[in-house]
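Report on the following structure.
The values are calculated or read from the model by the stated rules, or taken from the named source; none is laboratory data. Being a predicted model, the structure only gives us computed values, none of them experimental. So basically every Cβ, Gly included, is an ideal-geometry build from the backbone, and we count neighbours across all protein chains shown. Note: areas computed on protein heavy atoms with side chains; ligands, DNA, RNA excluded. Shrake-Rupley method; radii C 1.70, N 1.55, O 1.52, S 1.80 Å.
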Amino acid sequence: MIPSRFVRQLLVMLCLSLIASGVFAQVAISTEYQPEVGQQGKDVVWVPTCQALADKMLDMAKVTPQDYVIDLGSGDGRLVITAAKRGARALGIEYNPDMVELSKRNAAKEGVTDKAQFIHGDIFESDFSQATVITMFLLDTITSSFARRSSI
C-alpha cells in the first residue's frame, strides 16, 4: 500500500505543478504591453491604422521591393510590416518605447524582421533622408507642425 500511496501523492503533485505552470504562463502572457486606442503620445493620441488604409497608402505610393519606406509615428508597426511584406525595406520611427517593442513582436509574428526595423525616436529629430517613401498617419495639428519644423 505504501507504493500506491506514494504514486498517488506523486500524481497529485505533478498535476498541481502543471496547473501552477499554466497559471504562471497566463500571467506572463497578460503582462505583455497592449496599447489602447486614444492613449496619449508625445504629440498625438494613438489610433490604429486599419489594414485597408495601410494597403491603400502603400498602393498610392506605388511601393516596390526597391523602396525604402520610413513611417513616422509608426505605432503598432502596421504600415512598416505591410511594406516589408511587399518586399520593401522599411523603418518605423516611434516615440513610445513600448510601441516599438510591440512593433518588433508584430514583425516577428509576420516573419518580416529581415525587412522591417523599428526604432525609438522623435520624428522631429530623426534623419529620414534615405527614404524613397515616407508615410505618416497623424493628426492635422502634428502634420502642420511637422511641415513648419522641417521646411517641407
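Restricting attention to region 52-101, and to residues there that are part of a helix (DSSP H, G or I) and in contact with a Lys or Arg (Cβ under 7 Å, 6 or more places away or on another chain), which single residue is farthest from TYR33 (Cα to Cα)?
This residue is LEU58.
So how many residues does region 102-118 have that are outside any helix (DSSP H, G or I) and open to solvent by 40 Å² or more (accessible area, probe 1.4 Å)?
Matching residues across region 102-118 total 5.
Is it the case that some residue within region 33-50 is modelled with pLDDT under 95, at negative phi and in contact with a Lys or Arg (Cβ under 6 Å, 6 or more places away or on another chain)?
The answer is yes, given that some residue of region 33-50 is modelled with pLDDT under 95, at negative phi and in contact with a Lys or Arg (Cβ under 6 Å, 6 or more places away or on another chain).
So, of the residues in region 119-138 that are touching a Leu at 6+ places or on another chain (Cβ under 9 Å), outside any strand (DSSP E or B) and free of Cβ contacts under 8 Å to residues at least 60 places away in the same chain, which turns out to be farthest from LEU79 (Cα to Cα)?
For region 119-138, the residue satisfying everything is SER126.
From the set of residues in region 58-80 that are small (Gly, Ala, Ser) and modelled with pLDDT of 95 or more, which is most open to solvent (accessible area, probe 1.4 Å)?
Per the stated criteria, the residue is ALA61.
Filter region 81-95 for residues that are over 11 Å from PHE118 (Cα atoms) and not basic (Lys, Arg); which is surrounded by the fewest Cβ atoms within 10 Å (Cβ to Cβ)?
GLY87
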